[in-house]
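Below you'll find the structure, written out as structure tokens, and then a few comments.
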Amino acid sequence: MSGYLLDTTVLIDFSKGHRAVVQRVLTLIVEGERVGIASVNLTEFYTGINVGTDPRMDTFLDQLPCWPITKAVAMTAARHRRLHRRKGRKIGAPDAMVAAVAMHQAATVLTANVKDFPTDDIRVERLGPATGDRLTG
């Protein structure tokens with residue numbers, strides 16, 4: 001079973017009402033695709049905004065499955081970091097965990113920062129706003 005994992009960049013752009021991001025995410029949900037987030041994305045998103053500041057976003061995130069960082073996911077993330085470090089590329093722990101969750105969930109990562117996921121083990125799709133692309137003012 002496949003699905004889509006919304007990276008923190010997508011959550012931020014969605015919360016800001018960027019048309020391309022909102023439309024893509026809502027289309028996936030309406031079409032019955034599996035759409036979720038990793039627990040690390042929830043941590044990153046709420047580091048920048050207090051719960052309750054945006055009740056619509058709180059409700060939206062409450063409705064998405066939050067895929068956990070299990071022991072197997074953590075070990076996969078560690079392996080990715082180690083392998084990429086040997087190739088001279090650094091991958092931060094949060095991005096490695098997101099990639100590992102996506103791998104374990106057979107999900108495509110939707111992100112504005114494709115460069116943060118330099119691995120062939122997962123599918124990554126760029127999703128970001130266009131200039132001036134806002135649904136709300």
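The values are calculated or read from the model by the stated rules, or taken from the named source; none is laboratory data. All of these numbers come straight from a predicted model, not from anything done at the bench. All Cβ positions, even for glycine, are placed from backbone atoms using ideal geometry, and neighbour counts span all protein chains on display.
Below are the figures for this structure:
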read-out	value
Residue count for the stretch 44-56, restricted to those that are under 15 Å from the mean Cα position of the chain (by Cα) and in contact (Cβ under 8 Å) with a residue 24 or more places away in the chain	2
Residues of the stretch 74-99 satisfying the condition of being closer than 27 Å to Leu26 by Cβ and out of contact with any Asp or Glu (no Cβ under 9 Å at 6 or more places or on another chain)	Met97
The stretch 103-128, residues that are within 15 Å of Arg81 (Cβ to Cβ) and among the aliphatic types (A, V, I, L, M)	Met103, Ile122
Long-range neighbours under 8 Å by Cβ, at least six apart or interchain, first residue at pLDDT 95 or above within the stretch 20-33, second in a helix (DSSP H, G or I)	Val21/Val10; Val21/Asp13; Val21/Phe14; Val22/Phe14; Val25/Val10; Val25/Phe14
Total residues in the stretch 107-117, condition within 13 Å of Val10 (Cβ to Cβ) and assigned to a helix (DSSP H, G or I)	2
Among the candidates Leu83, Leu127, residue that is of a type outside the set (Ser, Thr, Tyr) and under 18 Å from Ile12 (Cα atoms)	Leu127
Within the stretch 70-106, tally of residues that are outside any helix (DSSP H, G or I), exposed (fewer than 14 other Cβ atoms within 10 Å of the Cβ) and without any contact (Cβ under 8 Å) to a residue 60 or more places away in the chain	6
Residue count for the stretch 46-69, restricted to those that are in a helix (DSSP H, G or I), among the β-branched types (Val, Ile, Thr) and modelled with pLDDT under 95	1
Residues that are part of a helix (DSSP H, G or I) and closer than 16 Å to Asp95 by Cα, drawn from the stretch 13-45	Ser39, Val40, Asn41, Leu42, Thr43, Glu44, Phe45
Residues of the stretch 110-131 that turn out to be in contact with a Phe, Trp or Tyr (Cβ under 6 Å, 6 or more places away or on another chain) and in contact (Cβ under 8 Å) with a residue 60 or more places away in the chain, as a count	1
Subset of the stretch 14-34 that is over 18 Å from Thr59 (Cβ atoms) and of a type in the set (S, T, N, Q) - its residue that is surrounded by the fewest Cβ atoms within 10 Å (Cβ to Cβ)	Thr27
Enumeration of residues in the stretch 57-69 that are under 23 Å from His104 (Cα atoms), of a type in the set (A, V, I, L, M) and in contact (Cβ under 8 Å) with a residue 40 or more places away in the chain	Leu61, Leu64
